[in-house]
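A.B. asks: Next up is a structure, given as structure tokens.
The values are calculated or read from the model by the stated rules, or taken from the named source; none is laboratory data. Source: prediction; values computed, not measured. Reconstructed Cβ throughout: ideal geometry from the backbone, glycine too, with neighbour counts over all protein chains shown.
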Amino acid sequence: MKNANPVSRLLGSLAMAAGVFLLASCGQAEKAASSEPKTTQDWFTIKVGEVGVDMQLAVSSTEMQRGLMGRRDLKAGQGMLFVYRDPQVQSFWMRNTPTALDIGFFTNDGGLREVYPLFPFDERTVKSHREDLQYALEVKQGWFDFSGVKVGDRIDLGAVEAALIERGFDARKFRGLAE
């Protein structure tokens, strides 16, 4: 602002200050938005064995009851991980679920112990044999075979814990995590 009169200088300074303020407040808005907990719509890449899977997490009872009902958009390498607070017998059905799935059940140490096929709209329950299962992963049918993931492989519990924290849950409340 060479040779500018005092009023022009003042207006220029105010415009610069307003610009700096706007930029700073945009950064704060982005920070605030990024600190919001993630939801069941967000994806987390978590390894099972040596294979990364993009998972959505179902943690609350409402999320678990809804699961993948109505979903037709699940792609290969995507799934939903059901995270229980304590190990238990697992029981699933396919009410209102149009996509053929496989379900893998994991113990609280992350070990894959059982895998079963699930068929579209089948309301018969698929119940685990074991009582010490804490996680269930639903993926498109055939994924376990295709990816080479087998009973005995492990899910990355560190990544599960990080995803739970990003979802706004206290990972210490889930037996087997943060111990």
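A.B. asks: Only one of these conditions is not met by GLY79: (1) more than 22 Å from ARG154 (Cα to Cα); (2) among the small types (Gly, Ala, Ser); (3) surrounded by 15 or more Cβ atoms within 10 Å (Cβ to Cβ). Which number is it?
C.D. replies: In the conditions (1) more than 22 Å from ARG154 (Cα to Cα); (2) among the small types (Gly, Ala, Ser); (3) surrounded by 15 or more Cβ atoms within 10 Å (Cβ to Cβ), GLY79 misses (1) alone.
A.B. asks: Then there's this: Considering only residues that are within 23 Å of the chain's Cα centre (by Cα), within 10 Å of THR107 (Cβ to Cβ) and not in a strand (DSSP E or B), which ones fall in the stretch 120-141?
C.D. replies: Residue satisfying the conditions is ASP132 alone.
A.B. asks: With the checklist (1) among the aromatic types (Phe, Trp, Tyr); (2) in contact with a helix residue (DSSP H, G or I) (Cβ under 8 Å, 6 or more places away or on another chain); (3) on the phi > 0 side of the Ramachandran plot in hand, flag the one item PHE174 doesn't pass.
C.D. replies: (3)
A.B. asks: Just checking, how many residues over the stretch 68-81 are farther than 20 Å from VAL149 by Cβ and touching a residue at least 60 places away in the same chain (Cβ under 8 Å)?
C.D. replies: The qualifying residues number 0.
A.B. asks: If you check ARG172, ARG167, which single one turns out to be at pLDDT below 95 and within 24 Å of THR39 (Cα to Cα)?
C.D. replies: Exactly one of ARG172, ARG167 is at pLDDT below 95 and within 24 Å of THR39 (Cα to Cα), namely ARG172.
A.B. asks: I would also like to ask the following. Which residue out of GLY148, GLY152, GLY158, GLY111 is within 18 Å of the chain's Cα centre (by Cα), more than 19 Å from SER91 (Cβ to Cβ), assigned by TED's automatic domain parsing to the domain that holds SER60 and small (Gly, Ala, Ser)?
C.D. replies: From the options GLY148, GLY152, GLY158, GLY111, the qualifying one is GLY158.
A.B. asks: Give me a count of the residues in the stretch 85-112 that are crowded, with 18+ Cβ neighbours inside 10 Å and either in contact with an Asp or Glu (Cβ under 6 Å, 6 or more places away or on another chain) or within 26 Å of GLU161 (Cα to Cα) (or both).
C.D. replies: Qualifying residue count for the region: 14.
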